[in-house]
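The values are calculated or read from the model by the stated rules, or taken from the named source; none is laboratory data. Predicted model, so just to flag it, every value in this text is computed and none were measured. Please note: Cβ atoms are built from the backbone with ideal geometry, for glycine as well, and neighbour counts cover all protein chains shown.
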Amino acid sequence: MESCAVTRLSQIDAFFVAYQERKGILMQLGVEAELKGCVRRSDLESMLQYLIERWPQLGQRLHRRVLGLEWRGECRIEDMLLVSHDAGVVNRWRNKPIDPFCEPPFQVLWIPDEGKSLLAFRAHHAVADGESFFFICIEGIRRLARLKGGKLVPFHQPSAQIQPTKLISLWRSGKLNKMWRYTRWLAKEAHAGRSARLCMQAREPGDIAVCERALDEVLYERLKRQADSAGVSPLWLSAAAWARAIYVWNASQANASNPLVSLEVPVSMRRGAAAQSLAGNFISPLVLFADASQEIEAIAHSLKQQFSAGIRQQLYLGMPIFTALAQYLPWILFRRMAVNATSTGFATSHFTWLEQKKDVHAEIFASSNGALQVMHQRSYTPVCLHMGAALAVLAWPERAQLFMTYRETALSQAEAEALADLVMAELTKSALAGYLSLQVE
């Protein structure tokens, strides 16, 4: 399919291309869904056709402009879909780098198996952040469900755009100056080395793997109860549990005494329902510090207060604003300048919270008239070179899934499982406190 759409990459999008090329670290996001029900190749081709009509850049390739990069050109569905009957191909698929100059940045692997299917979605970070990637994958599965339910409706792309930041207003309010100071502080922290480092075998590129843990309905309800009692949300108890787990892990591995754990937490710049459908990177992080030797509730409070202050002052906008002109640099120059100690982050780890307001799996089952059911779903995220591991929590209305992505050069499978167990131990402890408070009442 020939596409006339052309999309310029922002400096944030382009950074992920440069990072993968310069450092050899996979800048890919993934969702792997196990489906029950009959799925045909034609269904998947129809799904992909639907997705590229909404987001043409998913099927295009990168092209160098005189100034910057852009998505443009033909979308070929056959280049986006891989069919295999070998379940072992999933790990190789997960760890095969996407070259966005030569292949579509969004791809699907389909493994059919007698009334069941594994659909593995993956995307280069340059075309989507975690928020938009998950939305796109869910929209793809929703399309499959409607194909099965016979309730297809014409697609009308809502008008959606990120409102331009009003620099004069920010300057008058004093926020622009605070943003500048924040970016300067980040640059200093990148070289200060105050944050603890996860104890690992080696800081070098390598394949990734995922450890998964779950909070069922009972545990999640208890955790929410404890969060209410502590005056925070489950988000902050989960982030605190990750910080605590890193601290306890370090102490057990090398008797490391540095309790100062820093977490890079993404902030969405999308506002409004229509903006949720925008592909690309519209996320900027805040870096939060915690004394991880404290109790989990105290850590959660500290993280929440730092985050709230950063949101009020809009500090997360500093990096996108002050680097905006970099998107117009020639690619060779941008590639050389963009990847440095400041831009690749200095935090101990990433923490991502993806909250779903409704049970999408139940919706898919209903809209397909019971013909399609999501049996299980897992996710993975990029892992920065010096971090070794990152945690993402997918929070459903009544349960939560925890996905710890780690690099196999950093941690063995046994070590990664032990670290994931430490996170669960912290959360289970907190959930038990919530249960006890309920019993007292």
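Observations on the structure shown:
- Filter pass, R203 being touching a His at 6+ places or on another chain (Cβ under 7 Å) and either modelled with pLDDT under 95 or assigned by TED's automatic domain parsing to the domain that holds I136 (or both): yes
- Among the candidates I52, I77, the residue that is β-branched (V, I, T) and closer than 17 Å to A128 by Cα is uniquely I52.
- Selection from the stretch 274-295 of residues that are in contact (Cβ under 8 Å) with a residue 60 or more places away in the chain and either surrounded by fewer than 18 Cβ atoms within 10 Å (Cβ to Cβ) or aliphatic (A, V, I, L, M) (or both): A274, A275, Q276, S277, L278, A279, I283, V287, A292
- In the stretch 324-339, the residues that are outside any helix (DSSP H, G or I) reach residues that are surrounded by 13 or more Cβ atoms within 10 Å (Cβ to Cβ) and hydroxyl-bearing (S, T, Y) with C-beta atoms within less than 8 angstrom, at least six apart or across chains, in these pairs: V339/Y19.
A quick yes/no check of all residues on (1) of a type in the set (A, V, I, L, M); (2) crowded, with 19+ Cβ neighbours inside 10 Å; (3) modelled with pLDDT of 90 or more; (4) assigned to a helix (DSSP H, G or I):
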| position | (1), (2), (3), (4) |
| --- | --- |
| V232 | yes, yes, yes, no |
| A241 | yes, yes, yes, yes |
| A245 | yes, yes, yes, yes |
| W249 | no, yes, yes, yes |
| S262 | no, yes, yes, no |
| V265 | yes, yes, yes, no |
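- The set of residues in the stretch 380-427 that are assigned to a loop (DSSP other than H, G, I, E, B) and closer than 24 Å to D216 by Cβ comprises T381, W396, P397, E398, R399.
- Test: residue in the stretch 83-99 that is touching a Pro at 6+ places or on another chain (Cβ under 8 Å), surrounded by fewer than 19 Cβ atoms within 10 Å (Cβ to Cβ) and part of a loop (DSSP other than H, G, I, E, B): yes
- Within the stretch 100-121, tally of residues that are of a type in the set (D, E) and loosely packed, with under 14 Cβ neighbours inside 10 Å: 2
- Residue within the stretch 296-305 that is surrounded by fewer than 19 Cβ atoms within 10 Å (Cβ to Cβ), touching a helix residue (DSSP H, G or I) at 6+ places or on another chain (Cβ under 9 Å) and in a loop (DSSP other than H, G, I, E, B) present: no
- Selected residue (criterion: surrounded by the most Cβ atoms within 10 Å (Cβ to Cβ)) from residues of the stretch 42-82 that are of a type in the set (D, E) and closer than 24 Å to D13 by Cβ: E70
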